[in-house]
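Student: Attaching a single structure in structure tokens format; questions to follow.
The values are calculated or read from the model by the stated rules, or taken from the named source; none is laboratory data. Keep in mind that what you see is a predicted model, and the values were worked out from it rather than measured. Cβ sites come from the backbone with ideal geometry, for glycine too, and all protein chains shown count toward neighbours.
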Ligand code: ADE
């Protein structure tokens, strides 16, 4: 699957791509990611390579112009799929878009090519809407730009492409996999017993007992200051473990 990211801050993506699971995914050619500097498509005779302008009618701030974006899309040969049935999707990242969920990540992972258009300043010229297939917001808050949302879409979409996540069952039971309120069961790794005596005192109750369950009974019946992995998970009884996990998974925090 190919991703094209159009941004005025291409360097933001460098370290992200070299440090995350996407690095391996790109190396193994499960995904092909191209970053495009929008300034490259600014007016040729503009020494400042400006891609933004002031608002008609007045108002604070600057918005991205339509021409460089149209030129970038043309140069990348990405036709708007409103007019052509093609396996590509042009997405504008904007706080006024439709709220993004795991279902969108699954849906978008079916495309051959996804274009992510990052905004900056106060937004886009309204006519840019006509160049895109959909507008997506990652949440009900305003960021300084679409670069972080683009990373979020890229990573969440890529995780659904076969091979990107190492273990093929890893996506099966994770949070949101069944429905958007579904929460995965608790998971534990070593050590089997954790002695949190070095934890900062605000985490401890008045008598040095832990406020947070589970507390386990000591040999003399007092409360013992250790946090244990549930015994069932050490039993080797897969059927029982499966039942326990089923019971412990459920509705996520509201
Ligand atoms: N750009 C600024 N804020 C955003 C948000 N919440 N989602 C997507 N793009 C954005």
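Student: With 240, 217, 206, 225 as the choices, which residue is farther than 18 Å from residue 183 by Cα, modelled with pLDDT under 85 and touching a helix residue (DSSP H, G or I) at 6+ places or on another chain (Cβ under 7 Å)?
Tutor: Testing whether each residue is farther than 18 Å from residue 183 by Cα, modelled with pLDDT under 85 and touching a helix residue (DSSP H, G or I) at 6+ places or on another chain (Cβ under 7 Å) leaves just 225.
Student: Same structure again: Go through (1) closer than 21 Å to residue 1 by Cα; (2) in contact with a helix residue (DSSP H, G or I) (Cβ under 7 Å, 6 or more places away or on another chain); (3) in a helix (DSSP H, G or I) for residue 128 and report which single condition fails.
Tutor: (1)
Student: Quick check on residue 44: is it surrounded by fewer than 16 Cβ atoms within 10 Å (Cβ to Cβ) and either closer than 14 Å to residue 3 by Cβ or away from the ligand (no atom under 16 Å from the Cβ) (or both)?
Tutor: yes
Student: If residue 98 satisfies all but one of (1) more than 15 Å from the ligand (Cβ to nearest atom); (2) exposed (fewer than 12 other Cβ atoms within 10 Å of the Cβ); (3) part of a strand (DSSP E or B), what's the number of the condition it fails?
Tutor: So residue 98 meets the others, but not (1).
Student: Take the residues in the stretch 109-130 that are within 14 Å of the ligand (Cβ to nearest atom) and within 30 Å of residue 163 (Cα to Cα), then tell me which one is surrounded by the fewest Cβ atoms within 10 Å (Cβ to Cβ).
Tutor: Out of the qualifying residues, it is 118.
Student: When only residues in the stretch 131-152 that are in a strand (DSSP E or B) and in contact with a helix residue (DSSP H, G or I) (Cβ under 8 Å, 6 or more places away or on another chain) count, which is farthest from the ligand (Cβ to nearest atom)?
Tutor: Ranking the candidates gives 135 first.
Student: Could you list all residues from the stretch 11-34 that are without any contact (Cβ under 8 Å) to a residue 40 or more places away in the chain, touching a helix residue (DSSP H, G or I) at 6+ places or on another chain (Cβ under 9 Å) and outside any helix (DSSP H, G or I)?
Tutor: Selection gives 32 alone.
Student: On to the next question. On the basis of being modelled with pLDDT of 95 or more and under 28 Å from residue 163 (Cβ atoms), does residue 103 make the cut?
Tutor: The answer is yes for residue 103.
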